[in-house]
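Colleague: Following this message is one structure expressed as structure tokens.
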Amino acid sequence: MNETRDPDEEASGGSPPCFLHELGPDGAPRDARQAGDVARWRKAERARLLELRGAVAVEERARHTAAIGAALDALLEPHADAMVSLYWPIRAEPDLRSWMRAACERGLRVALPVAIALGRPMTFREWRPGAAMARGLWKIPHPADGPDVSPTHVIAPLVGFDAGCYRLGYGGGFFDRTLAAMARKPTVIGVGYPQLRIATIFPQAYDIPMDWIVTGGVPPLRRADKRRGRPRAASRRPSTLTRRAPRAAAAPPGSAG
């Protein structure tokens, strides 16, 4: 597999000599045709949602962003061990930089992801107002120096999301790859606009669900309790991330059964 490829676009070429490429993480055979259908559908849906997000009026984005910040205040309480990773906004994402500064002022430690190579997990560095910044992949700023840190909470921007708290991102697999590699699993919160909700992203074995989805338009969506099959009751502090994503039950468009 070429690590620079989008995990949704791992095209199948000639048959390699090893059968392992046809097995999923749980050892079950992959459905290559279904995976291809999902990849094509996601690419088209991602483009549609990015266009939709970019068309949201600036004033409306600001209202949703303010409501997202208020919801995060209710979910996240500063304490000695807490550190929350956010992101530097691009392409009409909710701009939480003011929230980051205010969080630092009230004692919450803040980090930013550092992406410097395709196909590799991101690392995290602590951020403070006025910190020297460098640019990584796609010229996205990150703290220029400092040791790697391990956040207790990771906030990820959404291109799309579904009722199962699965996140559709840009397709590079950075967040899924990073979360899977972290020794201490953080609580993961997806943030975006309510217009970006879709029926399903057709989650695959490598997709890791968010613990919470916060859009500002409606109350935060919490990932369902798999044992009971319904959303868990809300609390002030998010739960920790489970190690394995539940397998998808829905079949993607155009799949063979």
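Just so you know, all these numbers are worked out from the coordinates, no wet-lab data involved. Just so we're clear, the structure is a prediction, and the values are computed from it rather than from any experiment. Ideal geometry is used to build each Cβ from the backbone, glycine not excepted, and the neighbour counts take in all protein chains shown.
Colleague: Can you put L72, L108 in order of Cβ neighbours within 10 angstrom, beginning with the fewest?
Modeller: On the way: L72 23, L108 20.
Result, fewest neighbours first: L108, L72.
Colleague: With charges set only on the Cβ (+1 for Lys and Arg, -1 for Asp and Glu), what does the dipole of the range 31-231 come to about its Cα centre, in debye to the nearest 20? Don't skip to the end; give the middle numbers.
Modeller: Numbers: 30 positive and 20 negative charges, 75 e Å.
So the magnitude is around 360 debye.
Colleague: Here's a follow-up. Let me check against my output: what whole-number percent is the relative contact order of the range 31-231, with C-alpha pairs under 8 Å and at least 6 apart? Each step should come with its number before you reach the end.
Modeller: Working: 360 pairs, mean separation 41.6, N = 201.
So the answer I get is 21 percent.
Colleague: Highest first, please rank the peptides 76-89, 137-150, 205-218 by the mean number of other Cβ atoms sitting within 10 Å of their residues. Each step should come with its number before you reach the end.
Modeller: Numbers: 76-89: 16.4, 137-150: 13.7, 205-218: 20.9.
Highest-to-lowest ranking by the protection proxy: 205-218, 76-89, 137-150.
Colleague: If you take the square roots of the eigenvalues of the alpha-carbon gyration tensor of the range 31-231 and sort them as a ≥ b ≥ c, do you get rounded (a/c under 1.5), prolate (a/b over b/c) or oblate?
Modeller: Values: a/c = 1.40, a/b = 1.29, b/c = 1.08.
Note, shape of the range 31-231 comes out rounded.
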